[in-house]
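The values are calculated or read from the model by the stated rules, or taken from the named source; none is laboratory data. Since we're looking at a predicted model, the values are computed, not measured. Ideal geometry is used to build each Cβ from the backbone, glycine not excepted, and the neighbour counts take in all protein chains shown. Just so you know, the surface numbers come from the protein's heavy atoms only, side chains and all, with ligands and any DNA or RNA stripped out. Shrake-Rupley method; radii C 1.70, N 1.55, O 1.52, S 1.80 Å.
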Amino acid sequence: MSQSPLGGDVFFLLIGAILVFAMHGGFAFLEVGTVRKKNQVNALVKIISDFAISTVAYFLIGYGVAYGIDFFASAATIQGGEGTGFDGQGLSLVKFFFLLTFAAAIPAIISGGIAERAKFGSQLVASAIIVALIYPFFEGIIWNGQFGFQSWLEATFGYAFNDFAGSVVVHGVGGWLALGAVLMLGARHGRYGDKGRAFPPSSIPWLALGSWMLCVGWFGFNVMSAQSLEGVTGLVAMNSLLAMTGGILAALVIGRGDPGFVHNGALAGLVAVCAGSNIMHPIGSFITGGIGGFLFVQFFNLCQEKWQIDDVLGVWPLHGLAGAWGGIAAGIFGLEMFGGLGGVSFMSQLVGTVVGCGYALICGLVVYGVLKKTIGIRLTEEEEIMGADLAIHNIQSEPEGRMN
């Protein structure tokens, strides 16, 4: 009996989509463990609601913006096959599922930065705008060759921008959008000032669980970005593993054993390696991940203490800076002279990274600035002191917290 290669690709990509979908649980528990107890329910509801909003926005608008494809034809057509314009056996549908999980990561990233004081409804509106228009616009430019940007980079510097699994397209964009949101939102009540104080994580076990879930799912995020059995390579898995390890060890040393830094250091290493995981040597990936962990710890502390940017989970240093570093690092450790496979240009990586991160920061400031002026983006001081769980959802994370 012959086996359909399309069937194998459908199953391969479906497993990848499921793994990345599970990462959203990791985003949720990472936030639950980091925020104060009075905001834990809000973190959980926000992440799953953002995923639902993202699905609708990406299905109706975003996927078409990025790839020029919609699913408004009959089921017989979109299931695919000869003459339909869709890949057979529903492969086009599974590709949508897989890429949706990437798109929905953007609101999940932003959620961690604006935690504990953002209005719930306003954030859902922002998520819809971002996943319908802002993210897929840049996604289409890089991953679908729209507007000739990649062709221009190739003609100018010899190679197009290489972002295999989204150091910049996903994490950089998410992190720099989040920075704009955090700046528009302002710091949490009581965080700074004469009587200001730091708010420690409410639960290290929940934080650690979130990190573990993200780490496991990340191998689907990176490896399955090949999007076919023919294109998959174990090099991506090995590079992801070594970068994660580098991030952990760097954060362990620089963060002096702080559990929050250690568990986020793993994520910083994985963010950084996404772009070049298909072309780097594992040693280069280890270094890339280690620098990602270093950047996270150093800039988290700078944001929180010196610059007074109240980025609760540190999503700008974790995704924005580690992602930007990853885009640039692919143009260094992907070169043959450093043991990489080649086919990459440092200048293309630098330009692509700066363009992506700059675009995201501007969009973040505009979207959250407009929402701030129109419908508002922040809870009242009274609601914030009460906690988002009771103020928004009428229940706390413990049963005795239910309100009559």
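Numbers at a glance
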read-out: Pair list, Cβ under 7 Å, 6 or more apart: the stretch 123-148 residue touching a residue at least 40 places away in the same chain (Cβ under 8 Å), other residue surrounded by fewer than 20 Cβ atoms within 10 Å (Cβ to Cβ) and among the hydroxyl-bearing types (Ser, Thr, Tyr); value: 124/49; 138/359; 140/67; 144/67
read-out: The stretch 235-269, subset free of Cβ contacts under 8 Å to residues at least 40 places away in the same chain and assigned to a loop (DSSP other than H, G, I, E, B), residue nearest to residue 316 (Cα to Cα); value: 258
read-out: Among the residues listed as 122, 111, the single one being surrounded by 15 or more Cβ atoms within 10 Å (Cβ to Cβ), closer than 17 Å to residue 56 by Cα and at pLDDT 95 or above; value: 122
read-out: Exclusive hit being closer than 27 Å to residue 122 by Cα and in a helix (DSSP H, G or I), set 328, 332, 395, 362; value: 362
read-out: Residue satisfying all of: in the stretch 210-234; touching a residue at least 60 places away in the same chain (Cβ under 8 Å) and open to solvent by 40 Å² or more (accessible area, probe 1.4 Å); nearest to residue 294 (Cα to Cα) among these; value: 212
read-out: Tabulated pairs, the stretch 375-398, first under 9 Å from residue 41 (Cα atoms), second in a loop (DSSP other than H, G, I, E, B), C-beta under 6 angstrom, 6+ apart or interchain; value: 389/396; 395/402
read-out: Among the candidates 86, 59, 51, residue that is in a loop (DSSP other than H, G, I, E, B) and either without any contact (Cβ under 8 Å) to a residue 60 or more places away in the chain or open to solvent by 10 Å² or more (accessible area, probe 1.4 Å) (or both); value: 86
read-out: Per-region count, the stretch 235-248, residues buried (at least 24 other Cβ atoms within 10 Å of the Cβ) and either modelled with pLDDT under 95 or hydroxyl-bearing (Ser, Thr, Tyr) (or both); value: 1
read-out: Residue within the stretch 46-66 that is among the small types (Gly, Ala, Ser) and more than 18 Å from the chain's Cα centre (by Cα) present; value: yes
read-out: Test: residue in the stretch 64-73 that is buried (at least 18 other Cβ atoms within 10 Å of the Cβ), farther than 24 Å from residue 317 by Cα, hydrophobic (A, V, I, L, M, F, W, C) and in contact (Cβ under 8 Å) with a residue 24 or more places away in the chain; value: yes
read-out: Test: residue in the stretch 23-37 that is more than 19 Å from the chain's Cα centre (by Cα) and open to solvent by 20 Å² or more (accessible area, probe 1.4 Å); value: yes
read-out: Any hit, the stretch 313-330, residues being on the phi > 0 side of the Ramachandran plot and buried (at least 24 other Cβ atoms within 10 Å of the Cβ); value: yes
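Yes or no, residue by residue, for (1) modelled with pLDDT under 95; (2) under 30 Å from residue 381 (Cα atoms):
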| site | (1), (2) |
| --- | --- |
| 126 | no, yes |
| 136 | no, no |
| 140 | no, no |
| 145 | no, no |
| 159 | no, no |
| 182 | no, yes |
| 186 | no, yes |
| 196 | yes, yes |
| 203 | no, yes |
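Yes/no matrix, rows are residues, columns are (1) modelled with pLDDT of 95 or more; (2) farther than 30 Å from residue 293 by Cα; (3) open to solvent by 50 Å² or more (accessible area, probe 1.4 Å):
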residue	(1), (2), (3)
356	yes, no, no
363	yes, no, no
369	yes, yes, no
380	yes, yes, yes
384	yes, yes, no
396	no, yes, yes
